[in-house]
Amino acid sequence: MNPPIVRLYGVLLLLFAAVVGFTSYWAVFDSQSLKDNPQNRRPLIIEQTIKRGVIKTSDGVTVAQSFPQGGGKHPIYVRRYPQGSVFANPVGYSFVQVGQSGIERSENGVLAGERNEFTSIVDQIRGVPQEGDDVTLTIDSQAQQVATRALQSAIASTPGASGSGGAVVALDPSAGAVKAMASVPGYDPNTVAQPKVFKQLNKPGSGAPLLNRATQSVYPPGSTMKVVTATAALDSGEFTPNSVLSGRSPQTIGGVPLSNAGGEQFGNIDMTTALTNSVNTYFAQVGERLGTSTMVKYMKRFGFYSDPQLDYPGDQMAPSGPYASAGHLVTSGFDVGRVAIGQGGAEGQDLTSPLQMAEVAAAVADGGKLMRPTFVQQVTDPDGRVADKLSPKLQSTVMSPQTASTLTDMMTHVTQEGTAAGLTVDGVTFAGKTGTAEIGDPAQGINQPWFIAFAPAQSPKVAIAATIERCQGCFGAQVAGPVATQVLESLLR
């Protein structure tokens, strides 16, 4: 045979093998990632012909459903959100024009009625149309509305907060069930399929309403971080509630002077007194004595340094922990004394999501066990059969039951006689911790208020975290505290 023809034949065989190889890779080995790519609209176009499952709250309120458009045997289904913006974060949206987000994306396989290959073939033979399963969420509709209104009211009425955002996350500590997750500003998911609206929602200066601040945003947690530090101190055996350190202000921490809030002075005090009054210099010393390795060890137990283990899209969650100026998490080289009080320095700024801080409260509330968070209470197929239901899963054992009990007592002191003494939850004894993180130049007085809590203090049913992004001269108990207690009251009724 002519040598050039042989070479040409060989090249053609290689090209054919390459085509087969790439086709097999996309069709078999990497088909799921291609399908899950939010830029890939083909699955959504196909799914328009499927009656997507209904999404309801735990108390039966419909938050997402599909309606047919057009006649004939094969109508096109369009998604509608009857509660408007209240559940936009975290439920998200599902439209062929803009893709999917939130629970609509994380539970897409269930909602679209995806079956295994054998079941699909049988259904096709029987002429049974594909139909999605219904999803019942763990979210309580009343608590969600209360959380949204409370955040909006706090932002509107607090000096310097106008134009900022905020978030609330409430969990059932024993099951990991998300009972409320609110993020403001919000948006109406019914309108996002309109090109002009979607463009406006993504426009700089719009307030980032599509951003779920509860899971995607990380902020300095301020003194709520002292619960993590106290956990590491007590559970490691390095400290007890009666361990005495100086609370004078200022003190040199990480080579730089650190002061208590308002320059308040304390003498030699124990840890319970320090947490009750949120003494910065005490807990900064604790952080330095524990060292970075112990602090990192306990932060990881709480879930820091990785995305939350929530059934939610990975690109809509952010990990918590000390961040370097370049934007990556660090496990060493940071100012451990300032990270211990929820701040940081040039080497590492402590940043956490509201979901993460709700998990901190939940782990203490559940006797030291952190349950994996979840949105899904139950899945029901088109025939009304329960296809799946919530089965609580342990994420990690953060601390011993004794440490959790001690922390509960200490956090109860905070709400009864400390920085949160002015807050109430319908007369129920509850445990909490305030936080006021400094934003930017301390001389400007711009703060981020936080509050984490659980109630009742004994046999807790709800754990919560609330924060407002920024306000002028405000404090956690003053601004974030009332937001959290309103949601707690709603869920305990």
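The values are calculated or read from the model by the stated rules, or taken from the named source; none is laboratory data. From a predicted model like this one, the values you see are computed outputs, not experimental measurements. Accessible surface is based on the protein model in full, side chains and every heavy atom, while ligands, DNA and RNA are left aside. Shrake-Rupley method; radii C 1.70, N 1.55, O 1.52, S 1.80 Å.
Things worth noting here:
- In this view, the solvent-accessible surface of residue 187, computed with a 1.4 Å probe and all protein chains in place, comes to about 10 Å².
- Cross-link partners of residue 226 among lysines (Cα-Cα below 21 Å; sequence separation of 8 or more within a chain): 297, 300, 369, 433
- Translational D in µm²/s for region 364-411 (Stokes-Einstein at 10 °C, 1.306 mPa s, Kirkwood Rh from C-alpha pairs): 124 µm²/s
- Database remark: amide H of residue 165 closer than 5 angstrom to the amide H of 469, 470 (H placed geometrically; neighbours at sequence offset of 5 or more, or on other chains; Pro and chain starts carry no H).
- Helical contribution to [θ] at 222 nm, DSSP H n ≥ 4, -39,500 (n - 2.57), averaged over the chain, rounded to 500: -10500 deg cm²/dmol
- Spatial extent of the chain: Rg and Dmax, with the Cα atoms as the point set, Å: 25.6, 98
- Within region 331-405, all pairs of alpha-carbon atoms sorted by distance into 5 Å bins from zero give the percentages 3, 13, 15, 14, 16, 14, 9, 7, 4, 3, 2, 1.
- When the residues 248, 79, 105 are ordered by accessible surface, computed with a 1.4 Å probe over the protein chains alone, the sequence from largest down reads 248, 105, 79.
- Sorted from greatest to least, the principal axis extents spanned by the alpha carbons of region 148-209 come out as 43, 32, 17 Å.
- Averaging Cα coordinates gives a centre for region 239-301 and one for region 344-359; these two points are 17 Å apart.
- Diffusion of region 106-259 by Stokes-Einstein, at 25 °C in a medium of 0.890 mPa s and with Rh set to the Kirkwood radius over alpha-carbon pairs, works out to 117 µm²/s.
- Considering only the chain, percent of DSSP beta bridges that pair antiparallel, nearest 5: 95 percent
- Shape summary of region 57-116, radius of gyration then Dmax from alpha carbon positions: 12.5, 35 Å.
- Relative contact order (%) - region 435-493, alpha-carbon pairs under 8 angstrom, separation at least six: 34 percent
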